[in-house]
């Protein structure tokens, strides 16, 4: 095992779990420091993220753009550290998580109508899954496989990811639904049975079959996004809920906002119009919390039709 393998193993199997055991404010501070260090080991990623942030926010000065880029690595680092809090009881999570709209989502989940719940790769997504699950919202999460034949992760990252998945599945009451493998029909069945299906909408088009993407305008440019959520919406007529999570730097709380957007999307005539509305909402979230979007280094992939 080479030096980088030792560093990776020490990071995921010693540093992160150790940091998570410290008082919360200190743990977040060290996770942010770890995020800063990551920028030095991911120079290509940092370079692309910087270019992409500048293309979207040319009006910001260089210092503000750098804060956004640095911040998104720190958000990813906080998310990685928080995994070791997933097994904590709900009462402990409630000490630093604030959530609005949970009662409405809980009511919808028990109504029998079926709920399409969506967000993007912004902030501590895993923390939301765990918090919502432990708060009484069982859900079916559509996710990419972490198994080596589908996603060649470093062995230390794979071991860590398996813990993450296990703790999330325990909280939500369901195994994750791996993308592909004929799962579309299963999602339709679950929605028609009145269950909750959770999807992240900003999956890179390069990871899906091109025939399952549609053209939209994203930050003023032609882009392509997978349209699975639109097809599910039109096929099942399920209720539609949007959620976002961000960490308030002033209070230190992770703040979750959940809202029903069914009526906003119901007038959409077809999946292209639906997806444009959806991508518009994604843009709003990114502009509101730019340092929380975790795909800045991959922005260009949305603009190349695969």
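The values are calculated or read from the model by the stated rules, or taken from the named source; none is laboratory data. Quick caveat, the model's predicted, so the values are computed rather than measured. Note that we place each Cβ from the backbone using ideal geometry, even for glycine, and neighbour counts take in every protein chain shown.
Values computed for the structure shown
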{"item": "Positions within the range 26-65 being part of a loop (DSSP other than H, G, I, E, B), within 22 Å of residue 303 (Cβ to Cβ) and at pLDDT 95 or above, in sequence order", "result": "57, 58, 59, 60"}
{"item": "Lone unmet requirement of (1) in contact with a helix residue (DSSP H, G or I) (Cβ under 9 Å, 6 or more places away or on another chain); (2) surrounded by fewer than 17 Cβ atoms within 10 Å (Cβ to Cβ); (3) in contact (Cβ under 8 Å) with a residue 40 or more places away in the chain; (4) under 23 Å from residue 140 (Cα atoms) for residue 252", "result": "(4)"}
{"item": "Unique match (being farther than 23 Å from residue 35 by Cβ and exposed (fewer than 15 other Cβ atoms within 10 Å of the Cβ)) among 112, 101", "result": "112"}
{"item": "Residue 200 vs. criteria touching a strand residue (DSSP E or B) at 6+ places or on another chain (Cβ under 9 Å), without any contact (Cβ under 8 Å) to a residue 40 or more places away in the chain and under 30 Å from residue 100 (Cα atoms)", "result": "no"}
{"item": "Any hit, the range 241-249, residues being out of contact with any helix residue (DSSP H, G or I) (no Cβ under 9 Å at 6 or more places or on another chain) and at negative phi", "result": "yes"}
{"item": "Every residue from the range 219-238 that is more than 22 Å from residue 178 (Cα to Cα) and touching a strand residue (DSSP E or B) at 6+ places or on another chain (Cβ under 8 Å)", "result": "222, 223"}
{"item": "Within the range 1-25, considering residues that are in a helix (DSSP H, G or I) and free of Cβ contacts under 8 Å to residues at least 24 places away in the same chain, the one farthest from the chain's Cα centre (by Cα)", "result": "3"}
{"item": "Number of the exception - residue 281 against (1) in contact (Cβ under 8 Å) with a residue 40 or more places away in the chain; (2) touching a strand residue (DSSP E or B) at 6+ places or on another chain (Cβ under 7 Å); (3) surrounded by 15 or more Cβ atoms within 10 Å (Cβ to Cβ)", "result": "(1)"}
